[in-house]
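Student: My structure is below; once you've seen it, I'll send some questions.
The values are calculated or read from the model by the stated rules, or taken from the named source; none is laboratory data. Only a predicted model underlies this, so the values are computations on that prediction, with no experimental measurement involved. In this analysis, Cβ positions are derived from the backbone assuming ideal geometry, glycine residues included, and neighbour counts consider all displayed protein chains.
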Amino acid sequence: MAGSKENNPGVIRPSHRQGEELVGARRGKFGTEAAICQTNRRALSVINRNIIGAPPYPNVVHKRALLTEQNAVANKKIPPVPIHRPITRKLAAELATHQQHPLVQEPKPPVLQPAPEPESDDCIIVDVEDYKSTGDYPVPMSVQHTEAMMEEIDRMDAEFEMEDVDEEHVEDIDAPDKKNTLAVVEYINDIHCYYKKAETFSCVPPSYMSQQADINERMRSILIDWLIEVHYKFELMDETLYLTVNLIDRFLAAVSVVRKKLQLVGVTAMLLACKYEEVSVPVVEDFILISDKAYCRKEVLEMESLMINTLQFNLSVPTPYVFMKRFLKAAQSHKKLELLSFFIIELCLVEYEMLRFPPSLLAAAAIFTAQCSLNGSKNWSITCQSHSNYTQDQLLECAKLMVGLHQRAGTGKHTAVHKKMEKKPKKFLTVAPFECAWRDDLRFREAGRGCVAFDAFAHNDVTIVFREHVGSQQYHYKTDNNPHYTVIIGSHKNKRLKIEVNGQTVVDVSEVGLCCSSGFQSYWIGVYDGLISIGKGRYPFQNLCFQWLDTKPNCAVQYIGLSSWDKHVGYRNVSVLPLTQNHMSLWRQVGCDEYDRFDYSEEELENEIEDYEKWGLENFLESWELSDMYFVVGKEERVVPAHKLILAASGKFEFNSAADDVINLPDVNYQILHAFLQYIYEGCTQIPEPHLNSLRDLSLRFEVLPLTKQCEQVIERFNLNRQLFDSGKNVELAYPNPGLRTYATFPTGLPIDAHRLMQFQLDGKYCDVGLYIEGHGLVMQAHRIVLGLWSIPFTKMFTNGMSESVAPTIWLKDVSLDAFRVMLEFMYRGDLTKGSNLDVGTNFLQLLLLADQFGVTLLHQECCKILLECLSEDSVCPVLLVIASVPSCKLIEETCKKKFSVHFDYCTTASCDFVMLDEDTFENILQHPDLTVTSEERVLNAILLWSVQANELFSWEKVDEMLQNMTPEILFRERLQSLNVLLPLVRFTLLPCSILKMLQSSNLSKQIPIFDHLVKEAISFVEYGVVSSGIDNIVRCQHRQSSFKELQYICNGDSNGVLYFAGTSYGKHHWINPVLSKKVAITASSPISRFTDPKVLASRTYQGTSFAGPRMENGKNTSWWMIDIGADHQLMCNYYTLRQDGSRAFMRSWNFQGSSDGKNWTNLRVHEDDETLCKPGQFASWPIIGPSALLQLRFFRIILTAPTTDDTNPWNCCICYLELYGYFH
């Protein structure tokens, strides 16, 4: 439509009189009067329809600075403005000190419902310099009070005058930044004084829309709302949005615009703002695309010229953003206040009625409104008032309007700001050197206790900071004076692990198995009351590498910062998890957020933990259940039941005959015996200090040595300092609990000798039950108490009064012998031994099912943990087949589905095991977001193999042959209906057109209607770009993830690219120039010479002169550099980086191309008039977007399509570095 008459610009000469006739400013260039009268191309309300499908980020060009001119500020003398404050003692002192004029009582502004349209006479421009003494800044508005409001104000004034106001001081908000040279503290007040003066000239008349004949306020709101979406889509800086809106309003206030050119004004204003504020900005073509190609390049450039001339190149104007940053600092902002304040101020950008307030007042009112919303009260401090020059009363009217905007944010027609704030934070995060990222979700639920799990990509210094409060982006732990912990993985050139406390190094160790990786690697860090645990992998407290305990723990750390040192660090999949008392259950909470179909709620986890911790040996303390002896204590001869095995394993108790079932202790008090048994059964006890000696004597008598030792230590400390204990108070004694567990587990967490316990079991001593397994006979003798304390089902079996309660033997059916032996061994040891010799794919699954059957919770968790750690592509199918029906193994099931999806090609071609999966499981795998394939043909083959329940592997051609001799009902049997459900999951549009033609003529299309429909739909899309509407159809046209190695761009000159990876022999050794090692081949358009050296482009060092000279091809001059990544390799390139050499021959027009054979080239990215390169030695990077980023290619080249900026040698391609990124195979 670029050539139609409708698209001729309809911008006309400036007009300030309402009703003035529209006349073309430049006939032939900006349209004619006749063009204005034509029908509009489309309604402005649909200008945002092209947001969906727009490129995710703009093409990159270099920032071009624009000259700015400032108008002189009129030095006007205006009488002082009366101060609207009640007279308090503090204010009276200020009046006396500053010799201010007497206060004049004037009515305060009420809340207007609705706010009246202000008149032009109400706006007063005041010079800030004339009012420094007053401390107030007049507001450009004129309002009237209601009678009710006047009575309320009088009442409040009376109350304030009766108060004794405490002296409040203005805080020095710049004091913490005095050592930061970038903060320019010496000039910051002068800078903001200038902003206050300059904002007078950046404001527009609040009624300027009255001079526009063809547009109105509603159209402006639609335009700004759409531009907010564009701003978010292009990932631009906040400053750009505010400047864009300012440019639009100032231009519309000076020039009358027709409706069909309003969107052109908007995109041109954003283009100008990007050039002024951004480093990497969209180019003209990006804005043309985002506006649905409503305008051509010439129109945008002409509008740009007209706009900057109309605005007299005055682009350096203060917007609300510059005031927001300053006022938030004065308000001692936190993250919530900052987010809410910016949310409110962006809502104001859309509303035309908010133009009557200057930018500084909008900023102050937004912060004041956010404070009232979060705190529930008005708390505009004297510091905020001092730095903003606005009192609370002056902000009240604007704040009331903002409250209304906030209430309607998600329900009105203009919801771009609301949707923008609802967006979830990116899962991938790159942290630049010496910076720190503080996300809202990176916070422990409970201070001092939590765990953070994450993937990191770095060559050294993965740095995690734990603080009591949120830091800033420029935060660095070396300059932090507040309490904090810092964990540095890969310190000292990726050789050491460091932990710092408040800036002091407390741990500096090497060879702990923790170092950074050239690919993403998983880590976890747990903090529990000063105990810092660090490990590798996705599951906290598994694969523990290092622990350190702070003797003076900081239990208030809560916020987590992701930092770096001197190189970029990439983070992803960052999860913050709560720490429960049962650390063994913590691993179950990790990664659950990745699965949409299953999630453990916190309540369910806590209930499960609570159920387990309520069951253990403590349940049998002084219980007659499963007891086989008893004590008779004291003169009253009180009977106390116990268990021989437990006592014999904890001390020296001899039970040689039936008469030894009773131990008489006539000289022992029951309270002493209870504390003695409680220590054995629970691992801890409490006893009054006077009874310590008696407890020690009893423990010494039966040789319970840990208790004896603890009693003696406490008694010794008491004798040294009797003030340590109050006489008669209880003394707590606890058995030292090894490891991370905060609860006692049998037997390691109790004063019980595990080796002695195992020996009793092997010798059959104190055994009271024989265990028989069907088909194997007697397995072993065991103890009921051991079986019962681990398993509630066993306890019920032994105590329910049935035959098993008294029978000397128990028979078990359908139980694996090897798995049952391992479970018994776990019950006696408390952990799985390395000598279990269980195969993960078979016996280990049986052990998991056995632990689930008998309710051995910790064994179940250990099995799940080991399964997840040992899960491989070969074992994923057998595991899925077994655990799919076990409700307690949902996390393993989801993990298996994800692993199957990621390794789909291998899992569906290594064996036919997957055809035994049930339909729901297989469908979930095919719909998984992580499904990774090399070709969509693999998906089709897998579905057909599953549908025919094949015993051998074959492709769709074999199924097509089978259908020559049988019908689909016979071939697919009961899975024919499932086939109709699964076939739409194949993305036929991604198949080559040649294969689609073959499928169209196959028996599959002829005999299966849905197959025929899907193939024809794909051919229509491939040939004509037409696809039926609907979400499912759109999804079928989207590309899946690739199984190629991920080599993603992080920053210019990084070590993540293909050439660097090839230089390490694909990750096998340290880097060597890949051209020298012949891993890649680089050629140029001119012969190799001193300054045309292929090694230079792949090297890591800067070269002052490096160029490819021109040659004649097809009768035209050209020059190029070409890379061959090797015959066995392919790359789906999605980013590339180059570096200018030391010359000033900057490229302006060139193509980045790819090829499979080195002869037929495809343009991956076209550059025309690209001015990014403008300095010698400069790096520059560009993304490859669209279908081109999914082409699997071997050859790549940079080819000049027009002369460079050098007049001497205009066809020299002068670059000294080239790197490619993407998915490498």
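Student: Given the stretch 986-1051, what helices (runs of 4 or more DSSP H) lie entirely inside it while holding 1 or more residues that are modelled with pLDDT of 70 or more and either under 35 Å from the mean Cα position of the chain (by Cα) or crowded, with 19+ Cβ neighbours inside 10 Å (or both)? Quick ask: steps written out before the conclusion?
Tutor: Details: elements: 993-1000, 1003-1007, 1009-1024, 1031-1035.
Of the helices (runs of 4 or more DSSP H) lying wholly inside the stretch 986-1051, those with at least 1 residues that are modelled with pLDDT of 70 or more and either under 35 Å from the mean Cα position of the chain (by Cα) or crowded, with 19+ Cβ neighbours inside 10 Å (or both) span 993-1000, 1003-1007, 1009-1024.
Student: Which count do you get for residues in the stretch 653-686 that are assigned to a loop (DSSP other than H, G, I, E, B) and under 56 Å from the mean Cα position of the chain (by Cα)? Explain how you work it out, then say what you get.
Tutor: Filtering the stretch 653-686 down to residues assigned to a loop (DSSP other than H, G, I, E, B) leaves 653-657, 666-669, 683.
Adding the requirement that they be under 56 Å from the mean Cα position of the chain (by Cα) leaves 683.
The number of residues fulfilling the criteria is 1.
Student: Moving on to the next point. Restricted to the stretch 328-365, and to residues that are more than 31 Å from the chain's Cα centre (by Cα) and among the aromatic types (Phe, Trp, Tyr), which residue is farthest from Trp226 (Cα to Cα)?
Tutor: Going through the qualifying residues, I end up with Phe357.
Student: Now for a different question. Can you name the condition, by its number, that Trp615 falls short on among (1) modelled with pLDDT of 75 or more; (2) over 26 Å from the mean Cα position of the chain (by Cα)?
Tutor: Tallying (1) modelled with pLDDT of 75 or more; (2) over 26 Å from the mean Cα position of the chain (by Cα), Trp615 fails exactly one: (1).
Student: Residue check, Arg1100 against (1) buried (at least 21 other Cβ atoms within 10 Å of the Cβ); (2) under 35 Å from the mean Cα position of the chain (by Cα), all met but one. Which one?
Tutor: Every condition holds for Arg1100 apart from (1).
Student: Something else now. Tell me, please, whether a residue that is assigned to a helix (DSSP H, G or I), in contact with a Gly (Cβ under 8 Å, 6 or more places away or on another chain), of a type outside the set (S, T, N, Q) and buried (at least 19 other Cβ atoms within 10 Å of the Cβ) can be found in the stretch 303-318.
Tutor: No, the stretch 303-318 has no match at all.
Student: I've got another one for you. Going by the structure shown, is Asp960 out of contact with any strand residue (DSSP E or B) (no Cβ under 6 Å at 6 or more places or on another chain), acidic (Asp, Glu), buried (at least 19 other Cβ atoms within 10 Å of the Cβ) and part of a helix (DSSP H, G or I)?
Tutor: yes
To keep it simple, each residue is scored yes or no on (1) surrounded by 15 or more Cβ atoms within 10 Å (Cβ to Cβ); (2) among the hydrophobic types (A, V, I, L, M, F, W, C); (3) at pLDDT below 85.
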residue: Ala158; (1), (2), (3): no, yes, yes
residue: Met162; (1), (2), (3): no, yes, yes
residue: Val165; (1), (2), (3): no, yes, yes
residue: Val184; (1), (2), (3): no, yes, yes
residue: Asn189; (1), (2), (3): no, no, no
residue: His192; (1), (2), (3): yes, no, no
residue: Met209; (1), (2), (3): yes, yes, no
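Student: Oh, and also: Output the number of residues of the stretch 1056-1072 satisfying the condition of being among the polar types (S, T, N, Q) and within 21 Å of Val569 (Cβ to Cβ). Write out each step before concluding.
Tutor: We begin by selecting, within the stretch 1056-1072, every residue among the polar types (S, T, N, Q); these are 1056, 1064-1065.
Right, trim to within 21 Å of Val569 (Cβ to Cβ) and you get 1056, 1064.
Residues in the stretch 1056-1072 being among the polar types (S, T, N, Q) and within 21 Å of Val569 (Cβ to Cβ): 2 in total.
Student: Does Ser360 satisfy being in contact with an Asp or Glu (Cβ under 8 Å, 6 or more places away or on another chain) and polar (S, T, N, Q)? Before you say what the answer is, go through the steps one by one.
Tutor: Numbers: in contact with an Asp or Glu (Cβ under 8 Å, 6 or more places away or on another chain): yes; polar (S, T, N, Q): yes.
Answer is yes for this residue.
Student: With respect to Asn1160, determine if the residue is not in a strand (DSSP E or B) and not charged (D, E, K, R).
Tutor: Working: not in a strand (DSSP E or B): yes; not charged (D, E, K, R): yes.
Spelling it out, Asn1160 is indeed not in a strand (DSSP E or B) and not charged (D, E, K, R).
Student: OK, next. So, of the residues in the stretch 687-735 that are outside any helix (DSSP H, G or I) and over 16 Å from Phe676 (Cα atoms), which turns out to be modelled with the highest pLDDT?
Tutor: Initial filter on the stretch 687-735 (outside any helix (DSSP H, G or I)): 687-688, 702-704, 721, 725-735.
Of the ones still in play, those that are also over 16 Å from Phe676 (Cα atoms) are 721, 725-729.
Values: Asn721: 67, Phe725: 54, Asp726: 55, Ser727: 57, Gly728: 60, Lys729: 73.
Checked the stretch 687-735; the qualifying residue modelled with the highest pLDDT is Lys729.
Student: Could you list, in sequence order, the residues of the stretch 213-236 that are modelled with pLDDT of 90 or more and part of a loop (DSSP other than H, G, I, E, B)?
Tutor: Selection gives Ile215, Asn216.
Condition check ((1) charged (D, E, K, R); (2) touching a helix residue (DSSP H, G or I) at 6+ places or on another chain (Cβ under 8 Å); (3) under 20 Å from Ala1189 (Cα atoms)) across all residues:
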position	(1), (2), (3)
Glu1113	yes, no, no
Asp1124	yes, no, yes
Leu1131	no, yes, yes
Arg1139	yes, no, no
Arg1144	yes, no, no
Met1147	no, no, no
Asn1160	no, no, yes
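Student: Checking Val204 against (1) farther than 22 Å from Gln385 by Cβ; (2) buried (at least 18 other Cβ atoms within 10 Å of the Cβ); (3) touching a helix residue (DSSP H, G or I) at 6+ places or on another chain (Cβ under 7 Å), which single condition isn't satisfied?
Tutor: (2)
Student: Go over the candidates Val786, Val815 one by one and state the one that is modelled with pLDDT of 80 or more, out of contact with any Pro (no Cβ under 7 Å at 6 or more places or on another chain) and within 21 Å of Ser650 (Cα to Cα). Explain how you work it out, then say what you get.
Tutor: On the way: Val815 fails: within 21 Å of Ser650 (Cα to Cα).
Of Val786, Val815, the one residue that is modelled with pLDDT of 80 or more, out of contact with any Pro (no Cβ under 7 Å at 6 or more places or on another chain) and within 21 Å of Ser650 (Cα to Cα) is Val786.
Student: Next question. Answer with yes or no whether Leu347 is out of contact with any Ser or Thr (no Cβ under 8 Å at 6 or more places or on another chain) and modelled with pLDDT of 80 or more. Even if it seems obvious, please write down each step before you answer.
Tutor: Details: out of contact with any Ser or Thr (no Cβ under 8 Å at 6 or more places or on another chain): yes; modelled with pLDDT of 80 or more: yes.
So Leu347 fits the description; yes.
Student: Turning to a different aspect of this structure: In the stretch 613-651, which residues are under 18 Å from Gln671 (Cα atoms), out of contact with any Leu (no Cβ under 8 Å at 6 or more places or on another chain) and without any contact (Cβ under 8 Å) to a residue 40 or more places away in the chain?
Tutor: Ser623, Tyr630, Lys635, Glu636, Glu637, Arg638, Val639, Pro641
Student: Are there any pairs, at least 6 apart or on different chains, whose C-beta atoms fall under 7 Å, with the first in the stretch 442-467 and at negative phi and in the same structural domain as Asn502 (by TED's automatic domain parsing) and the second of a type in the set (Lys, Arg) and part of a strand (DSSP E or B), and if so, which?
Tutor: Sorted first by the residue in the stretch 442-467, then by its partner, the pairs are Asp455/Arg572.
Student: Would you be able to tell me the number of residues in the stretch 904-930 that are surrounded by fewer than 18 Cβ atoms within 10 Å (Cβ to Cβ) and either assigned to a loop (DSSP other than H, G, I, E, B) or aromatic (Phe, Trp, Tyr) (or both)?
Tutor: Summing the residues that are surrounded by fewer than 18 Cβ atoms within 10 Å (Cβ to Cβ) and either assigned to a loop (DSSP other than H, G, I, E, B) or aromatic (Phe, Trp, Tyr) (or both) in the stretch 904-930 gives 9.
Student: Moving to a separate point now. Any idea which of (1) buried (at least 16 other Cβ atoms within 10 Å of the Cβ); (2) of a type in the set (Gly, Ala, Ser); (3) out of contact with any Asp or Glu (no Cβ under 9 Å at 6 or more places or on another chain) is the one Ser872 doesn't satisfy?
Tutor: With respect to (1) buried (at least 16 other Cβ atoms within 10 Å of the Cβ); (2) of a type in the set (Gly, Ala, Ser); (3) out of contact with any Asp or Glu (no Cβ under 9 Å at 6 or more places or on another chain), Ser872 is out only on (1).
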